[in-house]
Amino acid sequence: MHPVGFSHWKVEDQALWLTGPTFSARIEALPHAWRVLVFQRPQDAKKGSWAVVDERRLPIVFDGQSASAEGLPLLALSLSPFSFAFEGLSASGLFAHTLATWRGDEAAAFDPLGLARPEAPADGHPLGGGFELHLKESPGRRYFGLGERTGFLDKKGRRYTHWNTDQFDHQETTDALYQSHPFVIGSESGKAFGLFLDETWKTVFDLAATTPEESTLFTPGPTFDLYLIPGPTVREVTTAFAALTGKPPLPPLWALGFHQCRWGYPDAETVREVVANFEAHEIPLSAIWLDIDYMDGYKVFTFHEGRFPEPEKFFAELKEKGIRTVVIVDPGVKKEAGYSVYEEGRRMRSFVETPRGDEVVGEVWPKPAVWPDFSRKEVRDWWAGLHRFYLEKGVAGIWNDMNEPSAFSVEGMEEKALGKTLPLGARHGEKSHAEVHNVYGLLMSQAAYEGQKRYDPNRRPFVLTRAGFAGIQRYAWVWTGDNKSHWGHLEMSIPMLLNLGLSGVAFAGADIGGFSEDASPELVLRWTWLGTFYPFMRNHSGKTSRRQEPYAFGEPWSGHMREAIRFRYQLLPYVYTLAEEASRTGAPLMRPIFYEFPEDETAYTIHDAFFFGPALLVAPIIRPGKTHRAVYLPEGRWQDWWTGEIFEGPTWIVAEAGLDRIPLYLREGHAVPTTDPRPSETAVFDPLIFRVFPEGQSEGEVYEDSGDGEAAGQRSRLEVEGGRARFSGSREGRTVRVEIMTTKGEHVEVTLED
């Protein structure tokens with residue numbers, strides 16, 4: 001390991017170029033970030049990105065010590081050895097590895113998959129030994145982001161590996177999961193910065209884990225591509241990162257309702273029985289999901305003729321009831337003569353290949369299986385076109401699974417050496433799987449999204465994915481994979497989803513009730529109340545687990561779950577308005593308390609309560625048998641949503657919550673749009689009922705449109721003061737009301753001016 005240094009500099013083509021005897025660097029100013037790209041090979045000077053979509057560049061001025069650009073903080077630079085300082089962050093040095101440095105404990109710590117070790121075969125591995133950036137630490141700094149991670153909200157003190165992994169049995173200390181987001185937000189004394197290492201290789205972030213005085217960012221690849229994102233608060237960093245990597249598109253209204261799924265709905269009649277049970281128990285339902293059981297021999301883009309005959313009529317029947325259908329699509333294509341998807345792909349040489357040019361053959365659900373090479377545009381276009389099969393049958397959404405990609409086995413490879421994925425040396429055109437692995441799910445989701453846009457342009461695409469990389473929000477929603485029916489997994493879903501939101505993924509959820517093992521009715525009920533405030537609300541379980549649909553446990557459980565789900569539909573105007581905000585700004589729907597209160601030090605320590613938008617503070621019950629919990633309320637006044645009681649913050653209170661509710665608080669100054677608790681085909685809500693804080697001034701907004709398609713919508717505003725209310729939107733042909741709840745729990749209507 002030796003320090004990287006430069007001896008000369010010049011400003012040219014809106015970039016600061018640094019050169020030295022071994023390495024070069026290109027430093028650019030974007031509207032929301034500084035980019036520092038260090039490389040050795042000349043062809044890497046114009047390295048592209050799968051994640052970054054903002055290609056604008058600003059003029060740079062450099063005086064030999066600091067780089068400046070309009071709208072960005074100064075970037076202080078030392079050329080030899082190379083280091084920098086930015087917004088309270090100080091990098092003590094960037095170091096380059098040679099293959100000879102990878103020995104013993106250091107190799108095990110930073111390169112557990114052997115991507116850069118000299119004893120590993122060269123094929124498929126990066127040139128050189130990689131880069132390692134050392135950052136000076138301070139005791140008060142906290143770290144957030146990193147996408148989908150186990151553990152608490154603050155990520156300091158652990159080492160994190162970015163390598164998409166099919167991790168079925170994950171626990172609180174499990175490292176790599178299904179997604180990789182090499183993006184972290186540092187925060188100290190209310191001021192924040194962001195770091196995005198735009199490298200698709202298996203990177204490692206050591207956040208003061210090895211030593212409390214230093215953090216380290218490592219990549220084994222031939223370049224070091226770092227974006228420095230200014231604050232000053234976490235909100236600004238999150239907004240800037242969304243501008244850098246893309247904002248999520250506005251979803252269809254139905255996607256924000258309640259979804260039901262189980263691996264084990266083997267035929268259409270079983271699905272009809274599930275839907276009938278929802279109807280009999282008067283539980284709202286917006287979507288039903290089909291797992292791998294619907295396919296003919298696990299072949300994607302097929303339906304089993306015996307179990308799902310006439311799927312067009314079946315899906316139309318469900319849609320008549322207001323229920324959409326989503327089907328699972330895996331990347332593993334069965335290698336079978338005569339199967340049209342395989343035959344087309346084989347003729348196009350669309351599948352991942354060995355270094356000798358043969359198809360990589362293995363097993364996932366189908367056996368034998370091959371995998372499309374989504375790194376190539378022509379393959380993505382082909383895969384997108386295949387989705388016409390589903391759309392013509394009335395499928396409303398696509399569920400991409402097993403797309404890390406996961407492989408149960410690969411011919412010629414032992415599973416232990418493989419890491420349950422494709423060989424690192426497998427070829428994706430000119431790239432190796434070691435480089436493409438982490439973006440495989442991103443590119444598959446892009447194809448699924450673009451296929452829906454192409455063949456059904458009047459409808460908004462819906463894609464859910466298990467695997468992804470930074471920027472996945474442009475194409476897909478995310479769920480957190482195969483969790484368990486454990487109270488610990490209910491609790492862990494909160495910081496996991498909050499950090500996904502801070503990492504640009506505004507629309508995400510966890511399987512309500514847990515995917516594997518047997519859930520108790522109390523767990524499913526408390527999880528359903530929590531899921532009411534997930535951006536993506538889906539109950540999902542595995543075929544060997546106890547049935548856990550909302551009606552499965554009988555009374556009183558089904559009645560309480562019905563009310564929780566109905567409350568989600570009651571909040572749909574608010575949820576849809578937050579969704580539209582996310583599509584414009586990237587703002588997460590689920591937000592850590594410190595997102596709204598960046599100066600409140602206590603807020604940074606809370607992982608089990610959160611904001612849903614700016615107006616509602618949610619504090620779920622996360623332990624069995626409990627009807628009370630401590631809740632922290634920041635500065636200001638707060639009203640208990642259910643009782644009307646008002647509290648003055650900052651303060652800790654003991655909240656009471658029976659099985660019929662979740663601790664929920666309305667923030668002073670806010671008005672929340674609601675409606676009747678039932679599904680709606682359009683997002684023009686009738687009635688539209690604003691719940692406002694009972695004292696002082698309150699404001700709120702609602703976004704309304706057709707609920708799908710590209711037609712423009714309208715944002716309407718409500719202002720309340722002195723017992724009177726003014727509404728800016730249209731009231732013609734519908735009921736618009738404004739209500740408060742008194743401290744006695746009584747609903748009182750506020751006069752709405754004409």
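If I ask for residues that are crowded, with 23+ Cβ neighbours inside 10 Å and touching a Leu at 6+ places or on another chain (Cβ under 8 Å), which ones from region 144-154 would you list?
Kept after step one, since they are crowded, with 23+ Cβ neighbours inside 10 Å, are these residues of region 144-154: 144-149, 153.
Selection gives PHE144, GLY145, GLY147, GLU148, ARG149, LEU153.
Has region 667-675 got any residue that is surrounded by fewer than 16 Cβ atoms within 10 Å (Cβ to Cβ), touching a residue at least 24 places away in the same chain (Cβ under 8 Å) and in a loop (DSSP other than H, G, I, E, B)?
No.
Considering every residue within region 222-245, establish whether at least one is closer than 27 Å to ASP482 by Cβ and in contact (Cβ under 8 Å) with a residue 60 or more places away in the chain.
The answer is yes; a qualifying residue exists.
Counting only residues that are farther than 15 Å from ASP686 by Cα and surrounded by 13 or more Cβ atoms within 10 Å (Cβ to Cβ), how many does region 728-738 have? Walk me through how you get there before you give the answer.
The first filter runs over region 728-738 and keeps only residues farther than 15 Å from ASP686 by Cα, leaving 728.
Checking which are surrounded by 13 or more Cβ atoms within 10 Å (Cβ to Cβ) leaves us with none.
Qualifying residue count for the region: 0.
Is it the case that region 449-458 has a residue that's part of a strand (DSSP E or B), farther than 30 Å from GLY186 by Cα and out of contact with any Asp or Glu (no Cβ under 9 Å at 6 or more places or on another chain)? Lay out the reasoning, then the answer.
Applying the first criterion (part of a strand (DSSP E or B)) to region 449-458 yields none.
No, region 449-458 contains no residue that is part of a strand (DSSP E or B), farther than 30 Å from GLY186 by Cα and out of contact with any Asp or Glu (no Cβ under 9 Å at 6 or more places or on another chain).
Which pairs do you get when a residue that is at positive phi, found in region 260-285, comes within reach of a residue that is assigned to a loop (DSSP other than H, G, I, E, B), reach meaning Cβ atoms under 9 angstrom, with the pair 6+ apart or on two chains?
GLY264/ASP291; GLY264/SER541; GLY264/GLY542; GLY264/LYS543; GLY264/THR544; GLY264/SER545; GLY264/ARG547
Looking only at region 369-396, count how many residues are buried (at least 17 other Cβ atoms within 10 Å of the Cβ), farther than 25 Å from THR325 by Cβ and not hydrophobic (A, V, I, L, M, F, W, C).
Total satisfying the criteria: 3.
I'm told ILE565 meets every condition in (1) outside any loop (DSSP other than H, G, I, E, B); (2) more than 30 Å from PRO266 (Cα to Cα) except one. Can you identify the failing condition by its number?
Result: ILE565 fails condition (2) only.
Going by the structure shown, is PRO309 more than 29 Å from the chain's Cα centre (by Cα), surrounded by fewer than 21 Cβ atoms within 10 Å (Cβ to Cβ) and at pLDDT below 95? Spell out the reasoning first.
On the way: more than 29 Å from the chain's Cα centre (by Cα): yes; surrounded by fewer than 21 Cβ atoms within 10 Å (Cβ to Cβ): yes; at pLDDT below 95: no.
Considered against the rule, which asks whether it is more than 29 Å from the chain's Cα centre (by Cα), surrounded by fewer than 21 Cβ atoms within 10 Å (Cβ to Cβ) and at pLDDT below 95, PRO309 comes out as no.
Can you name the residue in region 684-714 that is of a type in the set (Asp, Glu) and assigned to a loop (DSSP other than H, G, I, E, B) and, of all such residues, is nearest to ILE646 (Cα to Cα)? Break it down into steps so the answer makes sense when it comes.
Within region 684-714, the subset of a type in the set (Asp, Glu) is 686, 695, 699, 701, 704-705, 708, 710.
Checking the rest, the ones that are also assigned to a loop (DSSP other than H, G, I, E, B) come to 686, 695, 708, 710.
Details: ASP686: 29, GLU695: 10, ASP708: 38, GLU710: 42 Å.
Among residues in region 684-714 that are of a type in the set (Asp, Glu) and assigned to a loop (DSSP other than H, G, I, E, B), the one nearest to ILE646 (Cα to Cα) is GLU695.
Regarding ARG717, is this residue part of a strand (DSSP E or B), farther than 23 Å from PHE612 by Cβ and touching a strand residue (DSSP E or B) at 6+ places or on another chain (Cβ under 7 Å)?
Working: part of a strand (DSSP E or B): yes; farther than 23 Å from PHE612 by Cβ: no; touching a strand residue (DSSP E or B) at 6+ places or on another chain (Cβ under 7 Å): yes.
For ARG717, the condition - part of a strand (DSSP E or B), farther than 23 Å from PHE612 by Cβ and touching a strand residue (DSSP E or B) at 6+ places or on another chain (Cβ under 7 Å) - is not met.
Looking at GLU392, is it assigned by TED's automatic domain parsing to the domain that holds PHE314, of a type outside the set (S, T, N, Q) and out of contact with any His (no Cβ under 8 Å at 6 or more places or on another chain)?
Details: assigned by TED's automatic domain parsing to the domain that holds PHE314: yes; of a type outside the set (S, T, N, Q): yes; out of contact with any His (no Cβ under 8 Å at 6 or more places or on another chain): yes.
Spelling it out, GLU392 is indeed assigned by TED's automatic domain parsing to the domain that holds PHE314, of a type outside the set (S, T, N, Q) and out of contact with any His (no Cβ under 8 Å at 6 or more places or on another chain).
Return the total of residues in region 187-201 being closer than 18 Å to ALA51 by Cβ and either hydroxyl-bearing (Ser, Thr, Tyr) or at pLDDT below 95 (or both). Outline the logic, then answer.
Just the residues of region 187-201 that are closer than 18 Å to ALA51 by Cβ, to begin with: 194-201.
So of that shortlist, the ones also either hydroxyl-bearing (Ser, Thr, Tyr) or at pLDDT below 95 (or both) come out as 200.
Final tally of qualifying residues: 1.
Report yes if SER680 is outside any strand (DSSP E or B), in contact (Cβ under 8 Å) with a residue 40 or more places away in the chain and under 24 Å from ARG584 (Cβ atoms), otherwise no.
Details: outside any strand (DSSP E or B): yes; in contact (Cβ under 8 Å) with a residue 40 or more places away in the chain: yes; under 24 Å from ARG584 (Cβ atoms): yes.
So SER680 passes the test.
Which members of region 604-640 meet the condition of being more than 28 Å from the chain's Cα centre (by Cα) and surrounded by 20 or more Cβ atoms within 10 Å (Cβ to Cβ)?
Of everything in region 604-640, those that are more than 28 Å from the chain's Cα centre (by Cα) and surrounded by 20 or more Cβ atoms within 10 Å (Cβ to Cβ) turn out to be TRP638, GLN639, ASP640.
Regarding ARG35, is this residue in the same structural domain as LEU226 (by TED's automatic domain parsing), basic (Lys, Arg) and farther than 19 Å from LEU89 by Cα? Spell out how you get there, then give the answer.
On the way: in the same structural domain as LEU226 (by TED's automatic domain parsing): yes; basic (Lys, Arg): yes; farther than 19 Å from LEU89 by Cα: no.
Considered against the rule, which asks whether it is in the same structural domain as LEU226 (by TED's automatic domain parsing), basic (Lys, Arg) and farther than 19 Å from LEU89 by Cα, ARG35 comes out as no.
Kindly state which helices (runs of 4 or more DSSP H) lie completely within region 372-443 and contain at least 2 residues that are touching a helix residue (DSSP H, G or I) at 6+ places or on another chain (Cβ under 7 Å) and among the small types (Gly, Ala, Ser). If you could, list the steps in order and put the result at the bottom.
On the way: elements: 377-386, 388-392, 415-418, 433-436.
Filter on region 372-443 gives 377-386.
Run LYS136 past the list (1) under 27 Å from MET402 (Cβ atoms); (2) among the basic types (Lys, Arg); (3) more than 24 Å from the chain's Cα centre (by Cα) and report the number of the one that doesn't hold.
LYS136 satisfies every listed condition except (1).
The values are calculated or read from the model by the stated rules, or taken from the named source; none is laboratory data. Note that the coordinates shown come from a computational prediction; the quantities given were computed from them, not determined experimentally. All Cβ positions, even for glycine, are placed from backbone atoms using ideal geometry, and neighbour counts span all protein chains on display.
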